[in-house]
Each structure stands twice: as C-alpha cells, then as structure tokens.
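A short worksheet on the structure shown next.
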Amino acid sequence: MEENTNKMSSEKKYKGEVEESKAKNSALIVNEGVEQPPQINPAIAKIKKRKSLLTCADYVEGIKSGDINILGQAITLVESKLHEHYELSQQIIEKCLPYAGKSFRIGITGVPGVGKSTFIESLGMEIVKSGRKLAVLAVDPSSEKSGGSILGDKTRMEELAIHKNAFIRPSPSAGSLGGVARKTRETVVLCEAAGFDTVFIETVGVGQSETAVHSMVDFFLLLMLSGAGDELQGIKRGIMEMADVVAITKADGENVKKAELARVQYQNALHLFPPTASGWIVPVLKCSALTNEGINELWEQILAYFDHTLNNDYFNKNRLEQSKYWFYESVNSTLKERFYHDEKVKKHIKLFEEQISADKISSFIAAQKLLDIYFKKK
C-alpha cells in the first residue's frame with residue numbers, strides 16, 4: 001500500500017495541464033491515434049505532378065488528340081490573370097491555329113427566362129446524335145463585388161454534359177465583356193483544334209455582350225418568349241438586325257397559340273428591316289425544348305444558312321472581316337493592359353486621382369499628362 005502511494009505521488013509531481021499530461025495515469029494524456037489509410041486513388045499524386053510538368057508541346061499534342069482534360073487545362077491558362085499563364089497560353093494558341101477554323105460557330109442569346117440552357121441541351125443532343133462534335137462555351141455573369149460566378153450550365157445540361165461528343169465549358173464574365181470576349185474567341189480556337197466541328201457560344205443575356213459575340217460567330221440565333229407583354233418592345237432593334245434566325249421558345253401546352261401569334265408579329269417586323277449582308281431571309285420559328293417540337297426543323301434551317309453563305313462566299317468574307325476586327329481589339333486590349341501595369345503609370349496615377357478629387361486639375365489634362373509619362377514625352 002505504502003509502495004503504491006509513493007508511486008502515485010511520484011507521478012503526480014507535475015504542475016499545470018501540460019505537465020500533468022505527461023503522467024502515465026493522467027486523463028489528459030494524448031493517444032498516438034490510428035495510422036492514416038492510403039489515398040483512394042494512388043495515381044492522383046502522379047497526375048498532379050504531370051500537370052505541373054506540361055509544356056507547350058504537351059498541351060498542343062493533348063489538344064490535337066482530343067484529350068478533354070488537357071483542353072480544359074489549356075482553357076484555364078487562357079482565362080488566368082497570371083502573366084506566366086498568359087505567355088504560355090498565347091504560345092499554345094499560336095501552335096493550334098493551323099488546326100482551327102473548321103467549325104460552325106453559332107452564337108445563342110435571348111431574353112431572361114427564355115430557357116437558353118434547356119434549349120441548348122435539346123438542340124445539342126440533336127447535333128451530337130447526328131455524329132457531330134459539339135463544344136458549348138457558356139458565359140456566366142460574375143458578381144461585381146466578389147467576382148464569383150455560379151457556373152451552373154453543366155448541372156442544367158445533365159444529358160449533354162455526359163455525352164462523349166460534347167464538351168461544356170462555363171466561364172465567368174469577370175465583369176469585362178471585352179476581356180471575356182477575347183478569351184472566348186481564343187477558347188474557340190482550342191476547341192476547334194481539339195476536333196469540335198460545332199461551337200455554341202451562349203451569352204449572358206440580351207445586352208452589350210451580343211455585339212462582342214456576334215463578331216466571333218458565323219450564325220446568330222435569337223431566342224424569344226411569347227406572352228410576355230408587347231414582344232416587339234421587349235428587345236432592341238439592333239439585336240433583331242443581328243439575328244440570322246429568331247426562335248420562339250416554350251411553344252408547348254397552352255402556350256402554342258401565343259407562340260404562333262408572336263411568330264407572326266416578329267416575321268412581319270423583320271420585313272421592315274433592310275436586307276441582310278449575307279442575302280439570307282431571316283425566318284422566325286417556334287419550338288419547344290421540353291417536347292423537342294421544332295428542334296430538328298431549327299437545326300435544318302441553321303444548316304441551310306451555312307450552305308447559303310458558303311455558296312455565295314459570304315462565310316469566308318465575314319470571317320476575314322472578323323479577323324481584322326479582332327486584330328484592332330487585341331491591339332487596344334494589349335495597350336490598355338501594358339499601360340496600367342507600367343511602373344511609372346502606377347507611381348503617378350494615385351497623385352493624379354488626388355489632384356482630380358481636390359479639383360486642382362481636370363480629368364482630360366490629367367489623362368493627357370499620364371499618357372505623356374507613359375510614352376516618355378516631355
């Protein structure tokens with residue numbers, strides 16, 4: 001008994017929780033725990049390692065072979081804001097250009113609630129079942145505050161997303177229509193080099209982005225709703241003039257008669273517009289993505305448009321004009337990027353902001369002085 005008491009007193013000589021935990025009979029003692037199990041997929045470590053070792057040649061070969069994973073990684077580089085990623089992405093695009101340009105580029109837009117994602121899945125399934133390969137580039141609006149984006153198109157296009165001949169890539173608009181348009185155009189090049197012969201570009205909605213998207217596609221599809229008030233007042237004339245086909249969606253159930261009325265109204269309105277540069281007479285169709293009614297007829301109209309523009313050479317002329325447009329757009333965006341990243345500009349821009357706020361200098365004079373500093377004028 002005395003021996004046990006002495007043993008316990010020797011083990012309880014610690015003071016404080018940390019010291020007491022060192023005693024063999026302490027309630028604070030920490031067990032070693034169990035051995036951690038291995039990773040579910042031991043190859044993950046090798047995959048991560050391989051990603052970091054990819055070169056420009058690796059990306060190009062992967063894209064040309066139709067590797068969707070490498071295509072996705074290359075698009076991520078294009079969208080990245082890091083300078084080193086930008087340099088590598090430009091090299092990849094340059095190497096892929098000879099293998100691009102052989103697809104039908106189709107822009108799709110519509111008023112809010114028109115059901116673009118549902119429609120794209122319905123039309124997309126019609127296309128891939130015919131043996132074509134489809135890439136869907138969907139631009140999701142980003143939050144101006146957080147920069148976040150839902151990027152939910154893959155969840156809305158469940159059947160199309162898992163089809164072997166389809167590739168869906170949602171991208172955040174990043175609050176910059178011009179920036180995302182340039183990146184989208186570069187993404188189109190990569191998708192075409194990967195073997196996709198049909199490319200959909202879905203816009204955020206009716207607004208400014210349509211002009212940018214129209215300048216990079218061969219065909220522009222406008223989706224409209226029926227029974228939503230005065231249809232002809234619900235959309236800008238400029239967007240109507242860009243359309244190559246107008247489709248009245250959700251023409252099913254009790255909405256069939258309203259869809260037909262809207263179709264007639266739009267068709268009559270289009271007769272008042274000047275002839276299109278392509279010589280194509282813009283049709284107005286009605287369809288339902290829910291029942292697939294009219295989807296096949298719409299695809300046939302799109303194919304008829306391509307036959308028409310290829311035969312009268314408008315297709316090639318339009319692409320050449322678009323290339324010149326994007327030449328100037330690239331110059332403008334590159335100049336802007338280099339200007340704001342210049343060290344001298346960064347140094348003086350805050351000073352000019354303070355002077356403008358204090359009403360010591362006008363905005364125009366401050367801008368001219370800042371430009372003079374950048375171009376090293378005295």
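The criterion of at least 1 residues that are more than 29 Å from residue 186 (Cα to Cα) is met by the following helices (runs of 4 or more DSSP H) wholly inside region 313-378: 343-357, 363-374. In summary, residue 264 fulfils each of the numbered conditions (1) exposed (fewer than 14 other Cβ atoms within 10 Å of the Cβ); (2) in a strand (DSSP E or B); (3) hydrophobic (A, V, I, L, M, F, W, C) with the single exception of condition (2). For residue 320, state whether it is under 26 Å from residue 199 (Cα atoms) and more than 26 Å from the chain's Cα centre (by Cα). So residue 320 fails the test.
Quick note: the coordinates plus some simple rules give every number you see, no bench work behind them. Just so it is clear, the model here is predicted, and its values are computed rather than measured. All Cβ positions, even for glycine, are placed from backbone atoms using ideal geometry, and neighbour counts span all protein chains on display.
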